[in-house]
Amino acid sequence: MKKKIVFIIGSLFFTTSAFAETVDRIAAVVGGDIITLSDVKNYSASRSFEKKHLPGETRDPLQALIREKLIQQEMTHLGIEASDQDIASAVQDVLQRNHASLEGLKAELSKKGTSYEKYKKDLGEQIRQMKFLGQVIYPRIRLSDDEISKKSAGDSSEEGRFKARMKLLEERSPEEIDKFVAEIRSKTLIEIKK
């Protein structure tokens, strides 16, 4: 009787393993984090809808995902996070600017095929990226008073100078992000699978 059970279990194991198939493959390993082929395909499909690309941004989906992974790892390493309070404040801001209720926002998201939880997660990632720019990238960019004055087009008010400074930082941040990514890429083990 015991031999029959072992034989049946063994037969089931070999039968299921014979029909096993690869569900996904590893495209790259970035500092211990895995990027799968399905990640690359999903990223490529989502980006194909967007016609414009950011300056310095690669059109190669695998390289773009490696770049994103490097930045995410660095944000984690630096402890840059979006708190629940940050996200709640951002949601309230969206509701106030659009004169909407939370129920209305949830209904609108549902119509678009996304959940409120996914919306909050995406909002949190945007906040995290803004903090990263403010804490890591913008301080690396040096602006002179002359540049700010020229960009403000004669508006010497504090608000005018602030807007001019922010425009200059936004214009120069892609180049500075490229430099930053190159620095962290040189320190990170990246293995691309073929």
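Nothing in this text is a laboratory measurement; each read-out follows from the coordinates by a stated rule. All of these numbers come straight from a predicted model, not from anything done at the bench. A quick note on method: Cβ atoms are made from the backbone with ideal geometry, for glycine too, and the neighbour counts reach across all protein chains shown.
Based on the mean of other Cβ atoms within 10 Å per residue, sort peptides 129-136, 87-94 so the most packed one is first.
Values: 129-136: 15.5, 87-94: 13.6.
Highest to lowest by the protection proxy: 129-136, 87-94.
Would you please classify the overall shape of the range 59-99 from the alpha carbon gyration tensor, given that a ≥ b ≥ c denote the square roots of the eigenvalues, rounded means a/c under 1.5, and beyond that prolate means a/b larger than b/c while oblate covers the rest?
Details: a/c = 6.44, a/b = 1.81, b/c = 3.57.
Taking the square roots of the gyration eigenvalues as a ≥ b ≥ c, the range 59-99 is oblate.
Once R0 is set to 30 Å, what does the formula 1/(1 + (r/R0)^6) return for the Cβ-Cβ distance between residue 25 and residue 76, expressed as a FRET efficiency to the nearest 0.05? It would help to have the intermediate numbers written out before the result.
Values: r = 25 Å, r/R0 = 0.84.
The pair residue 25/residue 76 has a calculated efficiency of 0.75.
Run the dipole for the range 81-132 about the Cα centre, Lys and Arg Cβ at +1, Asp and Glu Cβ at -1, nothing else charged, and hand back the magnitude in debye, nearest 20.
Numbers: 9 positive and 9 negative charges, 40 e Å.
In debye, rounded to 20, the range 81-132 gives about 200.
Please say if the range 81-132 is rounded, prolate or oblate, where rounded means a/c under 1.5 for a ≥ b ≥ c the square roots of the C-alpha gyration tensor eigenvalues, and otherwise the choice is prolate for a/b larger than b/c and oblate otherwise?
Values: a/c = 2.45, a/b = 1.50, b/c = 1.63.
Note, shape of the range 81-132 comes out oblate.
Which FRET efficiency value, to the nearest 0.05, do you get for residue 131 and residue 162 by plugging their Cβ-Cβ distance into 1/(1 + (r/R0)^6) with R0 = 25 Å? If you can, show how the numbers build up before the last one.
Details: r = 18 Å, r/R0 = 0.74.
Calculated value: 0.85.
Skipping prolines and chain starts, which residues have an amide H placed within reach, meaning under 5 Å, of the one on residue 34, given they are 5 or more residues away or on another chain?
Hits under the 5 Å cutoff: none.
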